[in-house]
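Note sheet for the following structure.
The values are calculated or read from the model by the stated rules, or taken from the named source; none is laboratory data. Model, not experiment: these values are computed from the prediction. Please note: Cβ atoms are built from the backbone with ideal geometry, for glycine as well, and neighbour counts cover all protein chains shown. Areas reflect the complete protein model, heavy atoms only, side chains present, ligands, DNA and RNA absent. Shrake-Rupley method; radii C 1.70, N 1.55, O 1.52, S 1.80 Å.
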Amino acid sequence: MFVFGKNVAQEVLRSDKKVEKIFIQDNFKDEDIIRMINKRKIDVKVLSKNEMDRKVSGLHQGIILNIEDYKYSRIEDVLSLENPLIVILDHIEDPHNFGAIIRTCEAAGVDGIIIPNDRSVEVNGTVVKTSVGTTENVRIVRVTNIVKTMDMLKKNGFWIVGTDMDGQDYTKLDYKGKTAIVCGNEGKGMSRLVEESCDFIASIPMYGTVNSLNASVATAIVVFEAVKSRRG
């Protein structure tokens, strides 16, 4: 998998992630990154800007890393934690939204993210770039069926909080126990079966002419409210 960008490169090089090869632009001069590459003795190939541009579609900032594919966590890795806070993504399709949500979850200390196997973006180079490399620090689990996973979480003591326009004020809910926050698809929101499986629906009050928020923004607002509640 190709990942790219200076921040991503620094995160990957700090981790124990296996790096097959690194491509750098012929005028690349970031001394810190070069020092990290030399320390790990990774094979480097110097390319022109045109050659770099042909390898990835995105702002590579002069560095591209060929790394092993992302290794997803198991649901058991999350369930074994004490009083976890997790985020469930109901068929998020935009890699930029997914990357932004991963970055938010890492910053907030969320214990895991659950995504479905089908009709959902997976961890790819664009996701890693948008997350600023924080995919390395977040447990991401892929499951076959979101609704069945939610039922299993409930049996393990979780409260499931969906996000939608028609619900309770998100600041009035109790997030202190085992909690899973569900974020719906960018265009359709939560599917009917997913919404029906939620214990609560959290709504963010709107005061302007727009009646909805970008999926990653809405997730960030509710997640940080949950973190504030749990630490209060």
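For residue 99, state whether it is on the phi > 0 side of the Ramachandran plot and of a type outside the set (Lys, Arg). Criteria not met by residue 99. Number of residues in region 2-26 that are out of contact with any Lys or Arg (no Cβ under 7 Å at 6 or more places or on another chain) and under 12 Å from residue 52 (Cα atoms): the value is 3. Taken over region 183-199, residues that are in a loop (DSSP other than H, G, I, E, B) and open to solvent by 40 Å² or more (accessible area, probe 1.4 Å) amount to 5. Scanning region 205-224 for residues that are surrounded by fewer than 18 Cβ atoms within 10 Å (Cβ to Cβ) and not aliphatic (A, V, I, L, M) gives 205, 207, 208, 209, 211, 212, 214, 224. Tallying residues that are open to solvent by less than 60 Å² (accessible area, probe 1.4 Å) and touching a strand residue (DSSP E or B) at 6+ places or on another chain (Cβ under 8 Å) within region 82-98 yields 10.
Close contacts from region 42-56, counting a first residue that is more than 9 Å from residue 25 (Cα to Cα) and a second that is open to solvent by 80 Å² or more (accessible area, probe 1.4 Å) and of a type outside the set (S, T, N, Q), with Cβ to Cβ under 8 Å and a gap of 6+ residues or different chains, come to 43/20.
Across region 101-126, the number of residues qualifying as open to solvent by less than 30 Å² (accessible area, probe 1.4 Å), modelled with pLDDT under 95 and not in a loop (DSSP other than H, G, I, E, B) comes to 1. The requirement of being open to solvent by 20 Å² or more (accessible area, probe 1.4 Å) and either closer than 24 Å to residue 227 by Cβ or in a helix (DSSP H, G or I) (or both) is satisfied by residue 164.
Only one of these is surrounded by 20 or more Cβ atoms within 10 Å (Cβ to Cβ) and under 18 Å from the mean Cα position of the chain (by Cα): 180, 202. Name it. Just one listed residue meets the conditions, 180.
Considering only residues that are crowded, with 22+ Cβ neighbours inside 10 Å, in contact with a Lys or Arg (Cβ under 8 Å, 6 or more places away or on another chain) and either modelled with pLDDT of 95 or more or part of a loop (DSSP other than H, G, I, E, B) (or both), which ones fall in region 127-152? Hit for region 127-152 is 131, nothing else.
Do we find a residue being free of Cβ contacts under 8 Å to residues at least 12 places away in the same chain and over 12 Å from residue 138 (Cβ atoms) anywhere in region 80-102? Checked region 80-102: at least one residue is free of Cβ contacts under 8 Å to residues at least 12 places away in the same chain and over 12 Å from residue 138 (Cβ atoms). Within region 18-41, the only residue that satisfies the criterion of being free of Cβ contacts under 8 Å to residues at least 24 places away in the same chain and of a type in the set (S, T, N, Q) is 38. Annotation: of all residues in region 79-100 being more than 19 Å from residue 190 (Cβ to Cβ) and assigned to a loop (DSSP other than H, G, I, E, B), the one that is nearest to the chain's Cα centre (by Cα) is 84. Applying the set (1) under 16 Å from residue 183 (Cβ atoms); (2) touching an Asp or Glu at 6+ places or on another chain (Cβ under 9 Å) to residue 132 leaves exactly one unmet item: (1).
Of all residues in region 109-125, those that are within 12 Å of residue 99 (Cβ to Cβ) have Cβ atoms under 8 Å from Cβ atoms of residues that are part of a loop (DSSP other than H, G, I, E, B) and open to solvent by less than 50 Å² (accessible area, probe 1.4 Å), 6 or more apart or on another chain, in 113/138; 121/92; 122/70; 123/70; 124/1; 125/1; 125/56; 125/58.
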